[in-house]
1. What full-extension length gain, to one decimal in nm, is calculated for Ser130 and Arg10 as 0.36 nm per residue of separation minus the Cα-Cα distance?
2. From the square roots a ≥ b ≥ c of the eigenvalues of the alpha-carbon gyration tensor of segment 189-244, which class results: rounded (a/c under 1.5), prolate (a/b over b/c), or oblate?
3. Does segment 1-149 come out rounded, prolate or oblate, given a ≥ b ≥ c as the square roots of the eigenvalues of its C-alpha gyration tensor, rounded meaning a/c under 1.5 and, failing that, prolate meaning a/b above b/c?
4. Arrange the residues Trp389, Trp406 by how much accessible surface each exposes, largest first, with a 1.4 angstrom probe.
5. Can you tell me how much longer the chain between Ser420 and Ala121 gets when fully stretched, taken as 0.36 nm per residue apart minus their C-alpha distance, in nm with one decimal?
6. Over 19 Å between Cα atoms: which of Lys32/Lys146; Lys255/Lys335; Lys170/Lys255 fall into that group?
7. Can you tell me the accessible area per residue over segment 183-252, all protein chains present, probe 1.4 angstrom, in square angstrom?
8. Enumerate the amide H contacts of Leu189 below 5 Å, restricted to partners 5 or more residues apart or on another chain; note that Pro and chain-start residues carry no placed amide H.
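The values are calculated or read from the model by the stated rules, or taken from the named source; none is laboratory data. The structure displayed is predicted, hence computed values, not measured ones. Neighbour counts are summed over all protein chains in view; Cβ atoms, including those assigned to glycine, are modelled from backbone coordinates with ideal geometry. Side chains included, ligands, DNA and RNA excluded: accessible areas come from the protein's heavy atoms. Shrake-Rupley method; radii C 1.70, N 1.55, O 1.52, S 1.80 Å.
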Amino acid sequence: MRERRAMTTRPRASILHLDLDAFFAAVEQRDKPSLRGRPVIVGGLGPRGVVSTASYEARRFGVRSAMPMSEARSRCPNAAFLGGRFGAYRAVSAVVMDELRRLSPLVEPLSLDEAFVDLGAGDDLDLSVSGVRAIGERLRDTIRTKTGITASVGAATSKTLAKIASEQAKPDGLVVIEPGSETEMLHPLPIRVLPGVGPATAARLARLGVKSVGDVAQVEESELVDLLGEASGRNLFLLARAHDERPVSSERASKSISVEDTFDRDITDPALLSALVTRMADKVTERLVRAGHSGRTVTLKARLHDFTTLSRSATLPGPTDDAREVSRLAVQLLKDVDASNGVRLLGVGISGLSDWVQDDLFTSGGDVREPGDDDGPDLDAAVHADRRWVPGMDVMHTEHGAGWVWGGGLGRVTVRFETSATPPGPVRTFAADDPQLSAISHISEAD
């Protein structure tokens, strides 16, 4: 008879996973009273933009993350379409991560709005099922009070199950999977809930008649290895039995740092493409230095007019954080891309990260711009529509006070004057070059 017992390494549900609900959209609704209860969609606003986050009101219309913004506009034309305010999002994230670190020194952020916490590393915490539930409820209440944002929390004996639990808790809920009940909860779920099971893997398993996690648990390990390979097959075999030994790590390191941009029109001009790549190389190196890293491998990503995506890489003999060297390599890689029919997306990334640099190993070659040099022609204007006044942007008017950009065009900009601390405010329209109107970083109670 096949073993059905959950294979777990922890006797208690001491791994917690927190996920802020519809995070970017929720921050916008918090800070913009007129948008509360309305569909809000945050993402790229150009003709080729994609959805970053949709509020739950927008999701009822079928809008989801990574959907082309054009499709989102078609599905939910009455939504508020906003560009991102990452300063505001980072401020909220910092508050949330601080609260998690009050519980335990072992916090593993996955993104601005998501993290694992090892409650077992905390001081004198009650890790009984009822105790963990109480911890989760207090955490959710504190986050709501301090940020005005709701969070969904899951807790279980492993990272996989904790993340599944938080997904089941959405929105604004708490689920604790009791030790011993892991397979009972897990097996009825579709196989896509397991990490590493994407559309292609799911399709291959479906040909074996495998659709649920319980179905996977009935397949011999050797069969999964034959179908998916040694690493993937064995990992799936274990996960289907609720066995996940991965620890929560506060030292989670970035594997790469990258910058990319999708253009509003296809670009064929080699000089413009070279200037764009150079600027991206500078930006990604700046992020590298801020993180205290250096890197060995420079990668150029290019998506052509027909959606063909190319990747070209070059690896240095040692790590660097020199923007000139990264720019030189990235521009050289660009020469291997046939851009004659147009490029719709470019990206530059650095991987093979280290926390040290071999001084004086590299010298700049060719005519590469120094970081901070004048960009010359306005690159943004060359590849994007006018983005001076982006919908959602925080602004200040010397007469009317604080507000945000409602929309703009044809030399005009419309502003709604309200903040998170006011009731819904009035709307006014100004000339786009009105000297009394200026952009500000963001207005947030989290600050």
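1. Stretched out fully, the Ser130 to Arg10 stretch lengthens by 41.5 nm.
2. Values: a/c = 1.25, a/b = 1.05, b/c = 1.19.
Rounded.
3. On the way: a/c = 2.62, a/b = 1.76, b/c = 1.49.
It is prolate, given that a/c is not under 1.5 and a/b is the larger ratio.
4. From most accessible down to least: Trp406, Trp389.
5. Working: separation 299, 0.36 × 299 = 107.64 nm, distance 3.64 nm.
Length difference between fully extended and current span is 104.0 nm.
6. Lys255/Lys335; Lys170/Lys255
7. Numbers: 3780 Å² over 70 residues.
Spelled out: the 1.4 Å probe surface of segment 183-252, per residue, equals 54 Å².
8. Result for Leu189 returns Val213, Gly214.
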